[in-house]
1. Taking the chain as the reference, fit the longest principal axis to its C-alpha atoms, fit the long axis of helix 240-261 to the helix C-alpha atoms, and give the angle between the two in degrees, 0 to 90, nearest 10.
2. As a test of the formula, what do you get for the chain when each DSSP H run with n ≥ 4 contributes -39,500 (n - 2.57) and the sum is divided by the residue count, at 222 nm and rounded to the nearest 500 deg cm²/dmol?
3. Label 7 Å along Cα→Cβ of residue 28; region 36-59 residues with amide nitrogen under 19 Å?
4. Divide the volume of the convex hull of the Cα atoms of region 1-146 by its number of residues and quote the answer in cubic angstrom per residue.
5. If you fit an axis through the alpha-carbon atoms of helix 69-80 and take the longest principal axis of the Cα set of the chain, what angle between them do you get, 0 to 90°, nearest 10?
6. So what's the angle, to the nearest 10 degrees on a 0 to 90 scale, between helix 210-223 and the longest Cα principal axis of the chain?
7. For the chain, what proportion of DSSP beta bridges, expressed in % and rounded to the nearest 5, is antiparallel?
8. Within a 10 angstrom radius of the beta carbon, how do 78, 261, 149, 219 rank from fewest other beta carbons to most?
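Each value in this text was obtained by applying a stated rule to the coordinates, not by laboratory testing. The structure displayed is predicted, hence computed values, not measured ones. Neighbour counts run over all protein chains shown; Cβ positions are idealised from the backbone, glycine included.
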Ligand SMILES: [Zn+2]
């Protein structure tokens with residue numbers, strides 16, 4: 001029995017929510033050596049996807065395939081500047097197009113690895129292209145040549161790849177931004193690729209809610225010894241960010257629980273359960289409005305989860 005998959009629709013977003021700017025045109029991926037065979041690929045355009053790869057004796061594991069065929073090719077060009085070992089594995093951190101559309105441009109023999117919830121959702125590729133078009137300046141030609149490439153390996157909670165001389169771990173700690181968020185962990189470098197789990201000054205419970213996000217973060221923090229996070233859409237950061245997110249999602253959970261108990265409507269909850277000072281930007285910061293929109297979204301998702 002599989003429950004129904006609900007796809008994202010812009011009409012369900014609260015007004016004032018800023019769409020992501022993910023157009024990869026002109027983005028250059030810079031190679032950053034994290035040690036022990038692990039490398040981040042950092043986008044020159046802020047917000048546009050970072051990815052990465054890990055090199056072992058027998059092959060290379062790639063983390064995320066990017067948004068388009070040219071970007072998937074660029075990932076492979078950057079890897080070739082470091083090693084000529086075969087690209088044996090590719091892990092998608094979530095099902096969104098900016099993480100998966102490049103899959104089709106990797107060699108046929110590359111094994112595609114996805115968490116089960118991600119694997120179920122990549123099948124809706126045409127719907128995802130439509131949803132993502134506003135995020136690429138309404139230019140659907142960005143997706144030229146993108147065809148569906150599905151998982152060769154699906155995992156539930158944990159999958160380990162031995163590349164020879166180094167292992168890479170794929171973890172599923174629960175839903176956070178999407179139902180199938182995967183954390184790729186390179187133990188040698190104590191580095192974790194966190195995809196959409198880590199965004200701005202707090203996370204976005206895009207397809208989940210604050211309660212689930214908090215539980216996922218707790219399992220992540222308890223399980224892995226991490227020093228550096230490579231998020232998909234922000235600069236690299238230390239693991240302390242996870243603790244800050246935990247505090248934020250606890251605040252949202254408590255605030256919305258109180259709102260439901262007090263009988264506030266959804267609109268009232270979104271207006272009155274505001275960010276605490278620690279998670280607010282100065283009003284003159286151009287990102288302040290964006291983060292408030294995201295916070296209201298988190299309140300909405302959490303309110304609907306608690307009220308149903
Ligand atoms: Zn993303």
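1. 30 degrees
2. Helices in the chain give a 222 nm mean residue ellipticity of -9500 deg cm²/dmol.
3. Under cut-off, by backbone N: 40-52.
4. 130 Å³
5. Once rounded, one gets 60 degrees.
6. Between the helix axis and the principal axis of the chain, the angle is about 40 degrees.
7. Among the beta bridges of the chain, antiparallel pairing accounts for roughly 65 percent.
8. 261, 219, 78, 149
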